[in-house]
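The values are calculated or read from the model by the stated rules, or taken from the named source; none is laboratory data. Not measured: the values here are computed from a predicted model. Methodologically, a virtual Cβ is constructed for each residue, glycine included, from the backbone with ideal geometry; neighbour enumeration extends over all protein chains shown.
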Amino acid sequence: MGLGYYMGGVKMMFGMVLWGTFLRVVVGVNATWFVNSASHMFGPRRFETKDDSRNNWWVAILTGGEGWHNNHHAHPVSARHGLVWYEFDINYYGIWLLKKLGIAKKVQIAKWDPSNPKPAGA
């Protein structure tokens, strides 16, 4: 807020609060909605799970990898949702970095076997 006040007074300060706080919350809530609704309606299913979860590339782009929702439902404890090279999952790389720094421990990663495509626990 101090930076906004310094750059343009009270009006700039409130503008930065509105854009920096409320816009971020609105985008975050809508990204969550995309994952929990669009990824249950649109896209292919790699695993036969008990729900309607699907992998959705455009939701994955908007949410940093959370759109690989069928992968997540098939392997719920895996830190990595993108199981093949073209399923980019930037959130996993954040977890990977935390593991390398020693902050995250016991990080589990699903291994996908194309010859035996079963969900975890099946």
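Tell me whether segment 90-103 contains one or more residues that are under 11 Å from the mean Cα position of the chain (by Cα) and crowded, with 16+ Cβ neighbours inside 10 Å. The answer is yes, given that some residue of segment 90-103 is under 11 Å from the mean Cα position of the chain (by Cα) and crowded, with 16+ Cβ neighbours inside 10 Å. Within segment 4-17, none of the residues are more than 20 Å from TYR92 (Cα to Cα), assigned to a helix (DSSP H, G or I) and modelled with pLDDT of 85 or more. The number of residues in segment 104-122 that are over 10 Å from ALA79 (Cα atoms), at pLDDT 75 or above and either touching a Gly at 6+ places or on another chain (Cβ under 7 Å) or surrounded by 11 or more Cβ atoms within 10 Å (Cβ to Cβ) (or both) comes to 2. If you go through segment 31-77 and keep only what is under 19 Å from GLN108 (Cα atoms), surrounded by fewer than 21 Cβ atoms within 10 Å (Cβ to Cβ) and out of contact with any helix residue (DSSP H, G or I) (no Cβ under 9 Å at 6 or more places or on another chain), you end up with PRO76, VAL77.
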